[in-house]
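Reading through the structure tokens given below for one structure.
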Amino acid sequence: MSMTDLSIVRKSLKTHAVSTIITALSVAIAVALLIVLFSLREHAGNAFRRGTGNMHVLISADASPLSSVLNNVFYANPPQRKLLMSDLERLGLTNDTEGPGARPRDRRVEWAIPVQSGDSFRSFKTMATTNDFFAKFQPADAVPWKLREGAFFDATWQVVLGDTVARLTNLQVGDEIFISHGWSNRGHAAVAGDTPGTKSDDHDHSHADHDHSHDHEEGGAMGDGAHVHDDHPLVIVGILEPTGSPHDRAVFFPIEASWILHAEEARAAAEPTPKPARIENLTPEEKAVNAVYVRCRTNAIIGSFFSEMRSAPGITAALPNNQIVALMQIVGSIDQIILAIGIAVLISSIVSVMLAVYSSMGQRRRQIAVLRVLGATRGRIVGLVLTESALIATLGAVAGAAFAVVAMRVASSAMLQRTGLYIDPWIDPLWLLVIGVATILLGALAGVLPAISAYRVSVIRSLRPLG
Amino acid sequence: MPAHPPQTGVDPSANHGPGAASASLAAPLRIENLVFRYSGSGFGVSVASLQLAPAEQVLLTGGSGSGKSTILHLVAGLIDGSGGRILVAGTDITRLSPGARDHFRGRHLGMIFQTFNLLQGFSALENVMVAMMFSDIPPREHRPRAAELLSSLGITSPASPVEQLSVGQQQRVAVARAVACSPALVLADEPTASLDPDNAQDAMDVIQGSCRRVGAALLCVSHDPSLASRFERRIALADLNSAPAPQVGAAP
């Protein structure tokens, strides 16, 4: 094989291997950062759209539509305000105050699903709701719930785990758990012997976070407001397939169970010998929900329904998709700052390419002069330097793309574990192409100054005997 | 080698009359009324006429700073004269654009330096092949030709980086590189200045032998008097250059 301009450039890079690797690495980090930022930016919107699914309107008593969506769909904070089932009846969102999940009286509404999300199991948020949550609501549009194992709940003291909860707790169908009132890392799985009449599979459950006999006594002194509802274990009847939504990190149980747990707690606080709470003896005040997921029968009537709900006193109506768009606009300015930082990092890494190539020029004047004597034109020398600079950037871009693929997977997994937001780790090849080509062009641009220096090399002066 | 009396520097074969151009088309080198002056200095080079016949080997002698290397640089097209013509293999290189002159140099000229000026980090073979990059030799022939050339010059490890070769071997690689493209003319600039007398004679054997083998003319500049006996034609720069003598401290 003959020597080519590229083989001369390769030789040069090899000669300055350490500098080449360090410079290419700095480009790689910048490229990876930029690709990840662009991809996260694109996927974050999609991630937020997951979760609201096929719901049209969210009805709650929260302070604002945005907090309503964040609290009742994304489990951001425990909702502070409640709606009573009688309120829903008044709004026409149910026609039976005794039966949550009954068909709505308002003919514009296809379904209305009450949800209550102020409790927790260990660090996972709970969602007390009705069977309709699984039968009618879809976490992402046209993506129905699927069970990995078991069934959806159909009795009061049953619970269904989101995919992440099941994976991280290693709990299985048939195990029993206790729900904590409020958000905390309390709550626990039942262990044989802990609670008479409860059973557990024979696999090992960690219950280091549980001191069963003291939770009740110290309920008011937990510091985080959490209180373990120890009297009512819930048996796991189903584990959901992942949905890529925040619901993967949630624990779902019947809203009746939640009403009973809270009623018992309230009655215990109010009177020394409280009457045991039963679904039959719950007062209207004890039948509270935080929000209602609503889907209208047609898109055309969403507007009028939403306006009507919004004007109802004490009601906050939110169009989840609009709130997500508004949220992304709020996040957008921060997003642009982060992008600007990413671009600044890329430019600084390109400057490092220029410095690396430029600083090597001093040592290479003789080589350039020899090539000129052998017949290389000034233009060809300029081409060699630009190629070298672009090649360093190319190495960095390729390594950066590889880093980005790994980083996106890590970031996606971490986001899912920590926030329940599913960020698609897939990187759009168009972004790779655009950032890759831009990096290579910037790399070539970084070679301009060293190339000018090479262009000006005095052949005769550079070939003088040393010393 | 028989000793020859130094010549006057005036090329007896020079023909400045009508038809001279066609008569000397094949001459590897012909200089006519070449004038060069360093800026800011009264010193320069002025050569009325010089011509080398095909495969002729000429020694250009002169003291340090007398302008020998300047003439080589002018002939190589690395610097521009202010007047006159330099014809290499029939082409007036003073009329070529800088880029065309570079191309021309790669195809028709070979250069040998006192310090070899090999490409560090490149093997002996690669050093020779790099020279062929700028020639008309088909790429597929580069490697076999370079290998054969190095082998003929006794380089047994052509794949070794040149910095690992002995000084003598490096000199041979430099010679191989200069003749690799079968140039019409090889310019040697003080090729033995950094060698001891024995190695200097060996080096000149290699240089002169290689030029003969490829049919290249050789213009060798040196201030080493021991080389005189190796050349049939010797030219004292003082006789050739009619420009004023250099001033003390002036840059050549």
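No lab work stands behind these numbers, since they all come straight from the coordinates. Bear in mind the structure is a predicted one, so any value in this text is a computation, not a measurement. Using ideal geometry, Cβ is built from the backbone for each residue, glycine included, and neighbour counts are taken over all protein chains shown.
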task: Go through A:V353, A:I315, A:I177 and say which Cα lies farthest out towards the positive end of the charge dipole of the protein assembly as shown; charges sit on Cβ, +1 for Lys and Arg, -1 for Asp and Glu.
output: A:V353
- request: Go ahead and run the numbers for FRET between A:L430 and B:A228, Cβ-Cβ distance against an R0 of 56 Å, rounding to 0.05.
  value: 0.20
field: Extension gain, A:E149 back to A:I338 (0.36 nm per residue minus Cα-Cα distance, nm)
entry: 63.9 nm
Residues B:S97 and A:D141, FRET efficiency given R0 of 51 Å [Cβ-Cβ distance, rounded to 0.05]: 0.15
- prompt: Between A:E280 and A:R409, what is the label-to-label distance in nm when each label sits 7 Å out along the Cα-to-Cβ direction?
  reply: 5.8
For residues of B:109-122, the mean tally of beta carbons on other chains within 10 Å: 5
query: Going by average Cβ neighbours within 10 Å, how do the peptides B:146-157, A:146-157, B:125-136, A:45-56 rank, with the highest at the top?
result: B:125-136, A:45-56, B:146-157, A:146-157
message: Give me the dipole magnitude in Debye, nearest 20, for the stretch B:73-156 about the Cα centre, with unit charges on the beta carbon: positive for Lys and Arg, negative for Asp and Glu.
response: 120
query: For the peptides B:101-114, B:51-64, what is the packing order when you average, over each peptide's residues, the other Cβ atoms within 10 Å and list the highest mean first?
result: B:101-114, B:51-64
message: Need one word for the protein assembly as shown: rounded, prolate or oblate. Basis is the Cα gyration tensor (sqrt eigenvalues a ≥ b ≥ c); a/c below 1.5 gives rounded, then a/b vs b/c decides.
response: prolate
Neighbouring partner chain Cβ atoms per residue of B:125-134, average, 10 Å criterion: 6
field: Listed residues A:A402, B:T156, A:A446: farthest to the positive end of the dipole of the protein assembly as shown (Cβ charges)
entry: B:T156
query: What's the average, rounded to a whole number, of partner chain beta-carbon atoms within 10 Å of each residue's beta-carbon in A:372-385?
result: 6
message: Placing unit charges on C-beta atoms (Lys and Arg positive, Asp and Glu negative, everything else neutral), compute the dipole magnitude of chain A about its Cα centre in debye, rounded to 20.
response: 4340
message: As an exercise, use a Förster radius of 45 Å and the Cβ-Cβ distance of B:E163 and A:V351 to find the FRET efficiency, rounded to the nearest 0.05.
response: 0.90
- request: Eight or more residues apart or on different chains, and alpha-carbon atoms under 30 Å: count the Lys pairs in chain A matching that.
  value: 17
task: Run the dipole for the stretch A:227-341 about the Cα centre, Lys and Arg Cβ at +1, Asp and Glu Cβ at -1, nothing else charged, and hand back the magnitude in debye, nearest 20.
output: 460
field: Separation between Cα centres of the stretch A:381-430 and the stretch A:35-96, rounded to whole Å
entry: 34
